[in-house]
Amino acid sequence: MFKYEFLSSLMSSVGFDAWGVVRAVELSDAKARFEGWLAEGNAFGLDYLHRNVEKRFDARLLLEGAKSVVVGAVSYKNALSLGSEGYVEGRVASYAHSVDYHSSLKAMLRKVAEGLGIADPKAVKLCVDSVPLAEKSLARLAGIGWVGRNSLIVSPQLGSFMVLGEIILREEFDHYSSPYEGDGCVGCGRCLLRCPTGAIGPQRSINTALCIANRTIEQASAEGFDTHGWVFGCDECQSCCPHNASAPLYRNPRFEPLYDPRNYDSEFWAKLTPTEAESAFGTTPLMRKFKK
Ligand code: SF4
Ligand code: SF4
């Protein structure tokens, strides 16, 4: 059995800002909500979300014999996350200003697993987005924050400019986290008003057909869709959030911005070739756009 206190020291030392650990069980309520969201046709162009639904809501189906899921969150809030005067076109979501979080988080999670003494990589499952896992539900259960009206996990201390990673493992811990029970959205609603396309639904869900982030990141082209000056992602429903206004900037050096997007306009991004992109932004999430 692992000690939670020891896990905490590892998570902090590798650069996580918030974390918790939950039991690997089926998340049936969250699964029912997700299936309802899918049935309403909200997953525009995201066919992969229709696959592996069972696995997404039961970590034991991703790692046989799993007992626990460690959930970690890291802030990437930088000086441009809340916006910048005059920066209204050619905009890039702030998570894409630094090294791709997939590689950063995978390396951090691997260090934690090794620190716990798990040498065999097949004895754990490290998850960063690419694995079907209901990470927002798990983050709430791990006490990291609540699911905000913008459909993102919001931490009372760190806001929502965070990325999440998980370790599914077969060991138990001597302590499990309590779910986050608060709701810091009460009396607010700024994100609904700010979303330029009306993509935010009443049930803390997103209609991805209308979401600029989906259109500019996940889809091959956003042609014919008004992206309101965004070329990759969209921070509008986060930059307006009062919890982000008060949140500190990133502390993990892996999330240091590698370029200033204000130096590039929409024309620059439209003309950028994959080869030029690779040379200038090769380590950032922007490459997702150029590898399609
Ligand atoms: S990312 Fe942008 S378009 Fe998508 S829900 Fe948020 S504000 Fe709306
Ligand atoms: S802007 Fe307001 S309603 Fe939206 S996530 Fe933040 S606190 Fe919640």
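The values are calculated or read from the model by the stated rules, or taken from the named source; none is laboratory data. Keep in mind the model is a prediction, meaning the values are calculated, not measured. Heads up, the Cβs are rebuilt from the backbone with ideal geometry, glycines too, and the neighbour counts pull from every protein chain shown. Each accessible area value is taken on the protein alone, full model and side chains, heavy atoms only, with ligands, DNA and RNA left out. Shrake-Rupley method; radii C 1.70, N 1.55, O 1.52, S 1.80 Å.
Between VAL88 and ASP47, the contour length at 0.36 nm per residue exceeds the alpha carbon distance by 11.6 nm. Taking amide H as placed 1.01 Å from N in the peptide plane, SER155 has its amide H under 5 Å from the amide H of SER160, each at least 5 places away in sequence or on another chain. Each label point was placed 7 Å from the Cα along the Cα-to-Cβ direction; for ALA220 and ALA270 their separation is 2.0 nm.
Going by the alpha-carbon gyration tensor, a ≥ b ≥ c the square roots of its eigenvalues, is segment 195-292 rounded (a/c under 1.5) or, if a/c is not under 1.5, prolate (a/b greater than b/c) versus oblate? If you can, show how the numbers build up before the last one.
Values: a/c = 2.04, a/b = 1.17, b/c = 1.74.
Verdict is oblate for segment 195-292.
Between LEU61 and GLU171, the simple label model (points 7 Å from Cα in the Cβ direction) yields a spacing of 2.8 nm. Solvent-accessible area of VAL112, all protein chains in place: 0 Å² (probe radius 1.4 Å, heavy atoms, ligands and nucleic acids excluded).
Taking a ≥ b ≥ c as the square roots of the Cα gyration tensor eigenvalues, with a/c under 1.5 meaning rounded and otherwise prolate when a/b beats b/c, else oblate, which class fits segment 1-139? Each step should come with its number before you reach the end.
Working: a/c = 2.18, a/b = 1.14, b/c = 1.91.
Taking the square roots of the gyration eigenvalues as a ≥ b ≥ c, segment 1-139 is oblate.
Helix 4-14 and the longest principal axis of the C-alpha atoms of the chain enclose an angle of approximately 30°.
Largest GNM mean-square fluctuation among ALA107, ALA39, ALA24, using the chain with Cα springs under 10 Å: ALA39. The 3J(HN,Hα) values that the Karplus relation (6.51, -1.76, 1.60; θ = phi - 60°) gives for segment 48-62 are, in residue order, 4, 5, 7, 9, 6, 4, 4, 5, 4, 10, 8, 4, 5, 7, 9 Hz. Gly and Pro appear as x. Within the accessible surface of the chain, defined with a 1.4 Å probe on protein heavy atoms only, the carbon and sulfur portion equals 51 percent.
The H on the amide N of PHE2, modeled in the peptide plane, is under 5 Å from the matching H of GLU172, PHE173, ASP174, each at least 5 residues off or on a different chain. The mean of 1/r over all pairs of different alpha-carbon atoms in the chain, once inverted, gives a Kirkwood hydrodynamic radius of 19.7 Å.
Could you list the residues of segment 102-127 with an amide nitrogen less than 16 Å from a label point located 7 Å from the Cα of SER9 in the Cα-to-C-beta direction? Those under the cut-off are 112-118. Eigen-decomposition of the gyration tensor built on the alpha-carbon atoms of segment 90-230 gives equivalent ellipsoid semi-axes of 31, 21, 12 angstrom, largest listed first.
With a threshold of 29 Å on the Cα-Cα distance, the over-threshold entries among LYS55/LYS106; LYS136/LYS289; LYS3/LYS122; LYS111/LYS271 are LYS111/LYS271.
Under 5 Å from the amide H of ARG91 lie the amide H atoms of TRP230, VAL231, each residue being 5 or more positions distant or on a separate chain, with H modelled from the backbone and absent for Pro and chain starts. Specify the residue with the greatest mean-square fluctuation among GLY65, GLY145, GLY117, computed from a Gaussian network of the chain linking alpha-carbon atoms under 10 Å apart. Largest GNM mean-square fluctuation: GLY117.
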